[in-house]
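Asker: First, the structure itself, so that you have it in front of you.
The values are calculated or read from the model by the stated rules, or taken from the named source; none is laboratory data. As the structure is a prediction and not an experimental result, all values here were calculated from the model. Virtual Cβ from ideal backbone geometry, glycine too; neighbours counted across all protein chains shown.
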Amino acid sequence: MASQTPSPTQLSYLVAAIDRGGWSEAAGELGVSTSAFSQGIAELERRLGIVLFSKEGRSRVPTPEGVRASVHARAVLGELDGLARWADEVRTGETGQIRAGMTDTAAVHHFGETLVRFASIHPEISVQLSVDPSAALFDQLSAGELDVVVAVAPPTSNGLELRPLVSEPLFVYAPPGTSIGRPHTWGPWVGFPAGSRTRHIATRQLERRGASVNVVAESSQPAVLCEMVRLGMGWTVLPAVDAEREPHVLRRAVEVPLAERVLSLGWRTDRPLTAALRRFTAMLMGDASAADGKQS
């Protein structure tokens, strides 16, 4: 008959009996009666189909098979203990995996240092970062492909928890040497792709000011849009952090911001945050608050 799988309790009885040298001592160490201990060893022998102890007078002495079985028992108990410690670490945020998504501006300009610092403080927590436009990030979040995102939030927040992190003024930028007239003379435009939340915000505000929004080129990369403007291909609307940082320094058409966009931290309400995610989001929100304090 094939052996049956022993229980962890039975394996712990075997190891204790070997270590303590007597069943009474082993039972006392484990906090069970000698009778219960004896029954546990007997059941272990039955399940394995092997005699683990032999009688020598009033003593129980491990057989060679019992000694070898105790080696396997220690290994199994060690693995189970490791599993329990790992589970504790996951619950307390000491380990785990985070699938995060950020826009390029968030990942590079606003929270790049945060990501590096989080990795140094929590080396056991793996952060896998995806950089995409806002709409794509929230689609991935809704599909369960990401755990948390930092991006421009969608118009509706059904099923989402959103926390505003960074407010970014959007400015109008003109090609070098362009004469700045009334808004109806501005353009043509280079901008983010159709469907982009930033483009929607910019287009709405430009049209309110009487500008004709004729988009002649699109890119999801702010650096590419900056270069298009520098080459004279068209005007654009960008956050200052993208348009006025070396090596892409553009000239504002007007000093007053056209609009404002907000980068928000978002996650699904039907998926409670793990301990690791709570640590991650707390650091993002803390750094965002610190940045706001410096700017105010």
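Asker: Can you give me the number of residues within segment 237-261 that are in contact with an Asp or Glu (Cβ under 8 Å, 6 or more places away or on another chain) and part of a loop (DSSP other than H, G, I, E, B)?
Answerer: The total comes to 1.
Asker: What is the one condition in (1) surrounded by 12 or more Cβ atoms within 10 Å (Cβ to Cβ); (2) closer than 19 Å to Asp104 by Cβ; (3) modelled with pLDDT under 90 that Thr274 does not satisfy?
Answerer: (2)
Asker: Looking only at residues in segment 233-249 that are modelled with pLDDT of 95 or more and farther than 17 Å from Glu168 by Cβ, which one is surrounded by the fewest Cβ atoms within 10 Å (Cβ to Cβ)?
Answerer: Met233
Asker: Next up: Quick check on segment 262-272. Is at least one of its residues among the polar types (S, T, N, Q) and assigned to a strand (DSSP E or B)?
Answerer: The answer is yes, given that some residue of segment 262-272 is among the polar types (S, T, N, Q) and assigned to a strand (DSSP E or B).
Asker: Is at least one residue of segment 193-209 touching a Cys at 6+ places or on another chain (Cβ under 9 Å) and either free of Cβ contacts under 8 Å to residues at least 24 places away in the same chain or not basic (Lys, Arg) (or both)?
Answerer: no
Asker: For segment 53-77, enumerate the residues that are of a type in the set (Gly, Ala, Ser), out of contact with any helix residue (DSSP H, G or I) (no Cβ under 8 Å at 6 or more places or on another chain) and within 11 Å of Leu11 (Cα to Cα).
Answerer: Matches in segment 53-77: Ala75 only.
Asker: For Pro257, state whether it is assigned by TED's automatic domain parsing to the domain that holds Trp186, out of contact with any Cys (no Cβ under 8 Å at 6 or more places or on another chain) and under 23 Å from Gly112 (Cα atoms).
Answerer: So Pro257 fails the test.
Asker: Looking at segment 15-29, which of the residues that are surrounded by fewer than 15 Cβ atoms within 10 Å (Cβ to Cβ) and among the small types (Gly, Ala, Ser) is farthest from Pro62 (Cα to Cα)?
Answerer: Ser24
Asker: Which residues, counting only those in segment 173-200, are of a type in the set (A, V, I, L, M) and more than 15 Å from Leu231 (Cβ to Cβ)?
Answerer: Ile180, Ala194
Asker: Also, quick follow-up: Just to be sure I understand, how many residues within segment 101-156 are assigned to a strand (DSSP E or B) and over 25 Å from Leu170 (Cα atoms)?
Answerer: Residues that pass the stated criteria total 5.
Asker: Among the residues of segment 85-104, is any under 43 Å from the mean Cα position of the chain (by Cα), among the hydroxyl-bearing types (Ser, Thr, Tyr) and at pLDDT 90 or above?
Answerer: yes
Asker: Within segment 210-247, can you find the residues that are more than 21 Å from Ala136 (Cβ to Cβ), in contact with a Pro (Cβ under 8 Å, 6 or more places away or on another chain) and free of Cβ contacts under 8 Å to residues at least 40 places away in the same chain?
Answerer: Gly210, Ala211, Asn214, Val216
Asker: Taking into account only those residues within segment 109-135 that are closer than 17 Å to Leu162 by Cβ and small (Gly, Ala, Ser), which is surrounded by the fewest Cβ atoms within 10 Å (Cβ to Cβ)?
Answerer: Looking at residues that are closer than 17 Å to Leu162 by Cβ and small (Gly, Ala, Ser), I get Ala135.
Asker: Return the residues of segment 224-261 that are under 31 Å from the mean Cα position of the chain (by Cα), hydrophobic (A, V, I, L, M, F, W, C) and under 22 Å from Pro183 (Cβ atoms); say none if nothing qualifies.
Answerer: Answer for segment 224-261, where residues must be under 31 Å from the mean Cα position of the chain (by Cα), hydrophobic (A, V, I, L, M, F, W, C) and under 22 Å from Pro183 (Cβ atoms): Leu225, Cys226, Val237, Leu238, Ala240, Ala243, Ala259.
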